[in-house]
């Protein structure tokens, strides 16, 4: 039935309600994106019509859909007693949790919030573009938009020849993590969306553990402690932003 509906939409006249929008849902827990899509499918919701899912902050789920699907989606959610939608502003500086911005002025925090949102949207657009390109059109060694350093919001490419990232424009971040749990990596990456390369020291991970993220990972594992064979001391990880991964490999 859904396949027939999708085929019928391809033959329908152009929509008079062009565009896309994010709906924001307050959630009790934070789930991996793959699990979220399974959850939606289990609720008989067409997850293939949900273009993007991410958490802009804790307990808030962002859901990107076409304007034509807003009505059917919200009705189906309401019928399931899941009407906990919220008026969420991702550019509000109160959502910046990184402590280095705690004492900055409101103007600086507002600017940084815009930088984070723009960087996140750029990555999402690149992911959507890669999914939509036929195999013959995909560029194995190029990324679909340039990333700018974190002091200015990223700009989308205006010409097809701009689909690359100069190495001089890559942004490197170095963080001493002191044993971040591998499932908590999403919270860390939320504060570093403009980073192209992320070095993490004191990971404490033991082989062959990795962080639960789609960022490319390279690990130099530490050594077991005297009191635990599970937690290792030392350890270094390099995480590569998926937007630049093909360029660097």
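The values are calculated or read from the model by the stated rules, or taken from the named source; none is laboratory data. In this text, all values refer to a predicted model and were calculated from it rather than measured experimentally. Every residue, glycine as well, gets a Cβ built from its backbone with ideal geometry; the counts of neighbours run over all protein chains shown.
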Original post:
So which of 207, 136, 195, 173 is closer than 21 Å to residue 116 by Cα and either modelled with pLDDT under 50 or part of a loop (DSSP other than H, G, I, E, B) (or both)?
Top reply: 195
**OP:** Evaluate the following for residue 33: is it in contact with a strand residue (DSSP E or B) (Cβ under 8 Å, 6 or more places away or on another chain), in contact (Cβ under 8 Å) with a residue 12 or more places away in the chain, under 29 Å from residue 193 (Cα atoms) and surrounded by 12 or more Cβ atoms within 10 Å (Cβ to Cβ)?
**Re:** yes
Subject >> Residue list for the stretch 210-249, filter: modelled with pLDDT of 80 or more and assigned to a strand (DSSP E or B) >> reply: 216, 217, 218, 219, 220, 236, 237, 238, 239, 240
Subject >> Candidates 69, 22, 55, filtered to the one that is outside the structural domain of residue 186 (by TED's automatic domain parsing), over 21 Å from the mean Cα position of the chain (by Cα) and either in contact (Cβ under 8 Å) with a residue 60 or more places away in the chain or surrounded by 15 or more Cβ atoms within 10 Å (Cβ to Cβ) (or both) >> reply: 69
